[in-house]
């Protein structure tokens, strides 16, 4: 399965050329505020990516008005991209590959899907054994450091320790995230491949490359 994975496009999706693939994954932050017009524009673009056989999407913390408008706001997305599977603490299966997606991330200035440490654990408890886990935010200590304007890495780790614990427990083949733009990259640890697939950098310019994953189940 050829997977193309992106996140944090922040209305810059029109600048991307998505290659042919079996599965396109977007790990959240399609927009800046998640307003109806932004969501519809992104979903319409996504639906035109016919070179991708399947599409799986989760929202991110910038989809603020989208979360506030649920469940009615689902119409904004699904009417414009009926092809996509939109996951919100839910899963799907594609060609035998089990996928789970969640938009939640640790509390940060009351953005969309922000959760306290107590609340967030209840979300992670829902994640079943599966092949691919998609969350908007990273696990603690892996691809979770922001960068200064000069490109140097900040020392703080911004990922979720409770998510780290859950991922270590269920051991998916792949964990895909975004959210921390400076964490773009990949690491392979204890049988799990971690990918931060943010497209925009810290200045919200789409400078990071598209991530392509050649996935063989098992």
Rg and Dmax of the stretch 109-192, Cα atoms only, in Å: 13.1, 40
message: Between (i) 0.93; (ii) 0.97; (iii) 1.19, which entry matches Rg/Rh (Cα atoms, Kirkwood Rh) as derived from the coordinates of this structure?
response: (i)
query: Suppose R0 equals 41 Å; then what is the FRET efficiency for residue 156 and residue 214 from their Cβ-Cβ distance, rounded to the nearest 0.05?
result: 0.80
query: If packing is taken as the mean number of other Cβ atoms within 10 Å per residue, what is the order of 36-48, 135-147, highest first?
result: 135-147, 36-48
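For the stretch 2-214, calculate the relative contact order in percent as a whole number, restricting contacts to Cα pairs under 8 Å that are 6 or more residues apart. Provide the component values of the computation, followed by the final result.
Working: 514 pairs, mean separation 44.6, N = 213.
So the answer I get is 21 percent.
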task: Beta carbons within 10 angstrom, averaged per residue: use that to sort the peptides 22-29, 80-87, 208-215, 151-158, highest first.
output: 22-29, 80-87, 208-215, 151-158
task: Kindly rank 1-8, 57-64 from highest to lowest mean number of other beta carbons found within 10 Å of each residue.
output: 57-64, 1-8
Theoretical gain in end-to-end length, residue 190 to residue 140 [0.36 nm per residue, Cα-Cα removed]: 16.5 nm
- request: Pop out the Kirkwood hydrodynamic radius of the stretch 1-108 from its pairwise C-alpha distances, inverse of mean 1/r, in Å to one decimal.
  value: 13.8
query: Suppose R0 equals 30 Å; then what is the FRET efficiency for residue 74 and residue 2 from their Cβ-Cβ distance, rounded to the nearest 0.05?
result: 0.60
field: the stretch 117-167 and the stretch 61-90: distance between their alpha carbon centers, rounded to Å
entry: 22
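Quick note: the coordinates plus some simple rules give every number you see, no bench work behind them. None of the values given here were measured: they were computed from a predicted structure. In this analysis, Cβ positions are derived from the backbone assuming ideal geometry, glycine residues included, and neighbour counts consider all displayed protein chains.
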